[in-house]
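A quick write-up on the structure given underneath.
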Amino acid sequence: LMRLHRLRTEAQVVSTLVAFTFERHDTGDSLYEQVRRMRRSLDLAWAFDTPQRHVLVMLLPLAGPPALEGFLLRIENGLRQQFDTDFAQGHVGVHTVMLDDTEAARTLDELLARARVPSHPALAEQPA
């Protein structure tokens, strides 16, 4: 995250953070596992649980607005094909932020706050 932030500030290379949240019940569990499997090989992912939700934070390196739009469309289409649902019907929270000149840790904290998820020690560890 810090390296990509540096790339953004020094070379204007855009990367994106996405936080997905899923309710903890049978359907939410299945949607969560499906989205975890759909990440691109270039993406980094951190997964953790809160008492109410599964949380999946993904860092999409070198992904600006068009790449983010395509990524989210691919994920949602996968949920439609597999479960006949979309983000709204499946109660999947989707929160995004482009890395900018703001300190990377602050950007992550703000993203998690928007997703109503407290910061988590798993995010300081290696991605899943």
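Relative contact order for region 27-128 using alpha-carbon pairs under 8 Å, separation at least 6, rounded to a whole percent?
Worked out over region 27-128, it gives 31 percent.
Compare the Cα positions of Ala113, Thr96, Gln34 along the charge dipole of region 19-128 (+1 at Cβ of Lys, Arg; -1 at Cβ of Asp, Glu; about the Cα centre) and return the one farthest towards the positive end.
The listed residue farthest towards the positive side: Gln34.
For Ser15, Ser119, give the ranking by accessible area with the largest first, probe 1.4 Å.
Output order, biggest surface exposure first: Ser119, Ser15.
In nm, to one decimal, how far is the modelled label at Gln82 from the one at Gln52, with both set 7 Å along Cα→Cβ?
2.5
Taking the Cα centre of region 32-128 as the origin, how large is its charge dipole in debye, to the nearest 20, when only Lys and Arg (+1) and Asp and Glu (-1) carry charge on their Cβ atoms?
Taking the Cα centre of region 32-128 as origin, the dipole is about 280 debye.
Averaged per residue, what accessible surface does region 24-128 expose to a 1.4 Å probe, in Å²?
Here the residues of region 24-128 average 56 Å² of exposed surface.
For Thr27 and Ala113 in the same chain, what is the full-extension length gain: residue separation times 0.36 nm, less their Cα-Cα distance, in nm?
28.5 nm
For Leu62, what accessible surface area do you get with a 1.4 Å probe? Give it in Å², rounded to 10.
Roughly 110 Å² of Leu62 is accessible to a 1.4 Å probe.
Just want the answer: with Cβ charges of +1 for Lys and Arg and -1 for Asp and Glu, which residue in Val55, Leu44, Phe83 is farthest toward the dipole's positive end in region 19-83?
Result: Leu44.
The values are calculated or read from the model by the stated rules, or taken from the named source; none is laboratory data. The model shown is predicted, which means the values in this text are computed figures rather than measured ones. Cβ: placed from backbone, ideal geometry, glycine included. Neighbour counts: every protein chain shown. Just so you know, the surface numbers come from the protein's heavy atoms only, side chains and all, with ligands and any DNA or RNA stripped out. Shrake-Rupley method; radii C 1.70, N 1.55, O 1.52, S 1.80 Å.
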